[in-house]
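Worksheet: the structure to be examined is printed underneath.
Read-outs throughout are calculated quantities, based only on the coordinates presented, and are distinct from any laboratory measurement. Since we're looking at a predicted model, the values are computed, not measured. Cβ placement follows ideal geometry from the backbone for every residue including glycine, while neighbour counts extend to all protein chains displayed.
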Amino acid sequence: MLTDMPQLSTTSARLWQRIKPWLLPPHCYFCHSPLTVQGACLACLQQIHIYPKHCCQQCGRIMPRDLAPGPCGACLKKAPMAQSMHSLFIYDGMVRQALLHWKLQRQEAEVAWLLQSATTTLQAIISAHDLLIPVPMPLSRMRERGQHHTANLCKIIAQQSGAAWDWRILRRIQDTPRQSTLSGQARKTNLKHAFGIDHAHAESLASFQRVWIIDDICTTGSTLNYATRALKPHHNNIHTFAMARGLRK
Ligand SMILES: [Zn+2]
Ligand SMILES: [Zn+2]
């Protein structure tokens, strides 16, 4: 199929992603069916689920509407490290497909379109005076994938919100098994000592009233919680954000 060109080298694939909109007629970013305007078809739109607004402001868990914005029972028992947690989409359907295409095949179009469609929400959450910090990846995984995708996510969100971003402050100081390979309980402790601060760059934190730690997917919340714990001694107003969040069963 013309829209899928896995045989291309990384550079050629990037170039193809850029010139594709000008060469191909308008189509759905997700299933490639023809459209009158470039975007998402109705069938794919129905598989994109916005993260509900009725959730606990502190941890982001979905709550009954009359109890939101919480705090929820879990936060009353033990408050998370960050002041708040926000997500744009539920991690399923076309959002899951978009993130997998982006992370594993370096196809950015679907994720870029999803973020573009959420610009108003993003601008309501993140201000132009904030600092965005990506959850760092182990060096081995960056080499393997050829990109730091949470840093790329920060870059796009920074363009939309006007916020600053810096990938150098929060560092991965321990390589650990992939979260996706672990069960729920093991995920909760896997990253306990994985993050550290690069003191040479941490001084700039003082220039910002509010700092966001940015991840692509949130499952148990433990990655963002441990990343916040590493940053907490250096800033007292830390918030967390994941583009998509899985629903707990
Ligand atoms: Zn479609
Ligand atoms: Zn909560």
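Summary table below
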| item | result |
| --- | --- |
| Least to most buried among 220, 228, 119 (fewest other Cβ within 10 Å first) | 119, 220, 228 |
| Net +/- balance of residues flanking residue 198 in space, Cβ distance below 12 Å, scoring K and R +1, D and E -1 | +1 |
| Options 34, 64, 24, ranked by Cα towards positive dipole end of the stretch 17-85, top entry (Cβ charges) | 64 |
| Using a Förster distance of 35 Å, the FRET efficiency for residue 54-residue 33 (Cβ separation, nearest 0.05) | 0.60 |
| Separation between Cα centres of the stretch 71-107 and the stretch 190-249, rounded to whole Å | 13 Å |
| Kirkwood-based shape ratio for the stretch 47-245, expressed as Rg/Rh from alpha carbons | 0.93 |
| Inter-probe distance in nm under a simple model that places probes 7 Å from Cα toward Cβ, at residue 232 and residue 155 | 3.2 nm |
